[in-house]
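Working notes, structure below.
The values are calculated or read from the model by the stated rules, or taken from the named source; none is laboratory data. What you see is a predicted model; the values in this text were computed from it and never measured. As a convention, Cβ positions derive from the backbone with ideal geometry for all residues, glycine included, and neighbour counts pool all protein chains shown.
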Amino acid sequence: MTSSQVKSGKYFVIVSALFLVQCMFGALLAHYYIEPDSFFGIKWIHDILPFNITKGYHLQLAIFWIATAWLGMGIYVAPLVGGYEPKKQGLLVDILFWALVVLVVGSMVGEWLGANGYLGNNWFLFGHSGWEYIELGRIWQLILIAGMFIWLFIVYRGIRAGLKKETDKWLKFSCIMLNVGLAGMVFLSLLPVGIIQIKEAFNHGYATSRSASFLQKDIVQTLLTWRAVPDTIFLIGVVVLVVFCIKALFNLRKPTHQEGEKLPVRDLSLDEE
Ligand code: HEM
């Protein structure tokens, strides 16, 4: 094991703890269906954690632990794919970990303060954004995005050497199609329609901007029709990815070790004795 792999261990402790807390909030939500204004007669629990805040935490924590598990897995696997441990990789893993802790604790405290009106006009930046599944305030969203980039950097450094071995032309082609298609969807269709929709919402209200008559406007219909082009490019990329995976399945390496045979890893269970 490398230093970064060992250090990824604490990510999974956080995953399980967040999972537990999330389920406890779920149980509280379930309880409120039976007793809407307190928890087994304990009023202050409901005062501190009414249904809406509990629901926000329940959804947000699901995102957090699933994302943390994904981050930890990527960090653990990277040296296995790349074949070596890059310099200071362990330090980066620790930095990302503490950034995550600040993010989870900070955003949750902020959501509570914001929803209770303690943040004044800063509620949008540090408090509860009001969006389901993206409850965290804008500053926390930006920290989350920064964390994702740090993670990409960690994983990229780890697997870089392994990537050079991936020269399959199907995989390359799929990657190009997926990215070109995605960029096309965003810039040719979703973004322009979104901008027109925001104008409509400003001028005639949110409901009008979501109405069938808005979607049937000529310009919107034209943009939505043309998204078929990038969508098709993206779909070709997905089909080629499936072809690559099926081809890879028939070219797997043969097993190098028999059942019951010892693998060339240090036996952790012996270590502990
Ligand atoms: C003991 C464990 C859990 C309990 C008791 C529980 C309970 C609940 C309850 C009562 C609701 C409905 C809230 C409402 O009426 O708005 C809910 C919603 C939800 N739960 Fe859980 N939950 C649990 C675990 C989980 C887990 C592990 C996940 C995901 C990883 C999850 C994801 C969700 C989502 C996404 C919703 C929102 C559904 C919607 O609004 O349409 N829950 N949960």
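Search the range 46-65 for residues being among the hydrophobic types (A, V, I, L, M, F, W, C) and within 20 Å of the chain's Cα centre (by Cα), and hand back the single one that is farthest from the ligand (Cβ to nearest atom). Once the filter is applied, the top-ranked residue is Phe64. Answer yes if at least one residue in the range 80-98 is aliphatic (A, V, I, L, M) and within 16 Å of the ligand (Cβ to nearest atom), and no otherwise. So far as the range 80-98 goes, no, none of its residues is aliphatic (A, V, I, L, M) and within 16 Å of the ligand (Cβ to nearest atom). Test Glu166 against the criterion of being of a type in the set (D, E, K, R) and surrounded by 15 or more Cβ atoms within 10 Å (Cβ to Cβ), and give yes or no. Spelling it out, it is not the case that Glu166 is of a type in the set (D, E, K, R) and surrounded by 15 or more Cβ atoms within 10 Å (Cβ to Cβ).
Are any residues in the range 79-92 crowded, with 16+ Cβ neighbours inside 10 Å and out of contact with any Gly (no Cβ under 9 Å at 6 or more places or on another chain), and if so, which ones?
Once the filter is applied, which keeps residues that are crowded, with 16+ Cβ neighbours inside 10 Å and out of contact with any Gly (no Cβ under 9 Å at 6 or more places or on another chain), the range 79-92 yields Gly90, Leu92.
In the range 33-45, the condition of being part of a helix (DSSP H, G or I), more than 8 Å from the ligand (Cβ to nearest atom), small (Gly, Ala, Ser) and out of contact with any Phe, Trp or Tyr (no Cβ under 8 Å at 6 or more places or on another chain) is met by no residue.
Against the conditions (1) part of a helix (DSSP H, G or I); (2) within 16 Å of the ligand (Cβ to nearest atom); (3) of a type outside the set (S, T, N, Q), Ile159 satisfies every one except (2). For the range 13-47, a tally of residues being of a type in the set (Phe, Trp, Tyr) and surrounded by 15 or more Cβ atoms within 10 Å (Cβ to Cβ) returns 4. The residues of the range 116-143 that are of a type in the set (A, V, I, L, M), away from the ligand (no atom under 16 Å from the Cβ) and outside any helix (DSSP H, G or I) amount to a single one, Leu119. The condition of being outside any helix (DSSP H, G or I) and assigned by TED's automatic domain parsing to the domain that holds Leu144 does not hold for Ile66.
Restricting to the range 151-163, name every residue that is surrounded by 13 or more Cβ atoms within 10 Å (Cβ to Cβ) and aromatic (Phe, Trp, Tyr). Trp151, Tyr156, listed by residue number.
Could you check, for the range 13-23, whether at least one of its residues is over 24 Å from Trp123 (Cβ atoms) and more than 16 Å from the ligand (Cβ to nearest atom)? Looking for residues that are over 24 Å from Trp123 (Cβ atoms) and more than 16 Å from the ligand (Cβ to nearest atom), one finds at least one in the range 13-23, hence yes. Residue selection: Thr68 satisfies the criterion of being in contact (Cβ under 8 Å) with a residue 12 or more places away in the chain, within 16 Å of the ligand (Cβ to nearest atom), within 19 Å of Val6 (Cα to Cα) and hydroxyl-bearing (Ser, Thr, Tyr). Taking first residues from the range 33-61 that are free of Cβ contacts under 8 Å to residues at least 40 places away in the same chain and partners that are β-branched (Val, Ile, Thr) and more than 12 Å from the ligand (Cβ to nearest atom), the Cβ contacts under 8 Å between residues at least 6 apart in sequence or on separate chains come to Ser38/Ile45; Phe39/Ile45.
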